[in-house]
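Let me begin by presenting the structure, written as structure tokens, before commenting on it.
The values are calculated or read from the model by the stated rules, or taken from the named source; none is laboratory data. Everything quoted here is computed from the prediction, not taken from an experiment. A quick note on method: Cβ atoms are made from the backbone with ideal geometry, for glycine too, and the neighbour counts reach across all protein chains shown.
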Amino acid sequence: MGKFYDRENDVYVFRRAEDQYDLAMQTLKEDRFYEWTNKQGNFKRLIWSFELAYLFRYEAELLLEKHGFKLENVFGDFSRSPYNYYSGEQIFVARKA
């Protein structure tokens, strides 16, 4: 995932992620690792773990329809790029029917 500069502590922080997908349950468990060396020369590591469930595009569209929404568009990111399988996001624009 790369590195970023932490201005508050004046250090570079290296970050990486380890993902575990459960395709049958449609869940993701992600562990994010943040590592740096502080000004005293001590190595530090912060681990942030979380789990989430996800929907595939057509499942989300069906749920919207079943709950009285009309789908107007689907975008692949917040810049309104066209959606495709490799898009980083699923942005649904829907209105109450």
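Key figures
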{"quantity": "Residues of segment 78-94 satisfying the condition of being assigned to a loop (DSSP other than H, G, I, E, B) and closer than 17 Å to Phe56 by Cβ", "calculated": "Tyr83, Asn84, Tyr85, Tyr86, Ser87, Gly88, Glu89, Gln90"}
{"quantity": "Residue pairs meeting the criteria (Cβ under 6 Å; at least 6 apart or on separate chains; first outside the structural domain of Leu28 (by TED's automatic domain parsing), in segment 52-71; second of a type in the set (Gly, Ala, Ser))", "calculated": "Leu64/Ala94; Gly68/Ala97; Phe69/Ala94; Lys70/Ala97; Leu71/Ala94"}
{"quantity": "Of all residues making up segment 1-48, the number that are touching a residue at least 24 places away in the same chain (Cβ under 8 Å), in contact with a Leu (Cβ under 8 Å, 6 or more places away or on another chain) and outside any loop (DSSP other than H, G, I, E, B)", "calculated": "2"}
{"quantity": "Total residues in segment 4-51, condition of a type outside the set (Lys, Arg) and either loosely packed, with under 11 Cβ neighbours inside 10 Å or under 26 Å from Tyr85 (Cα atoms) (or both)", "calculated": "25"}
{"quantity": "Residue within segment 84-92 that is modelled with pLDDT of 95 or more, β-branched (Val, Ile, Thr) and farther than 24 Å from Asp22 by Cα present", "calculated": "no"}
{"quantity": "Which numbered condition Met1 fails, given (1) within 16 Å of the chain's Cα centre (by Cα); (2) surrounded by 12 or more Cβ atoms within 10 Å (Cβ to Cβ); (3) of a type in the set (A, V, I, L, M)", "calculated": "(2)"}
{"quantity": "Any chance Tyr54 is at pLDDT 95 or above and either exposed (fewer than 13 other Cβ atoms within 10 Å of the Cβ) or farther than 25 Å from Val93 by Cα (or both)", "calculated": "no"}
{"quantity": "Those residues of segment 57-66 which are basic (Lys, Arg) and surrounded by 12 or more Cβ atoms within 10 Å (Cβ to Cβ), in sequence order", "calculated": "Arg57"}
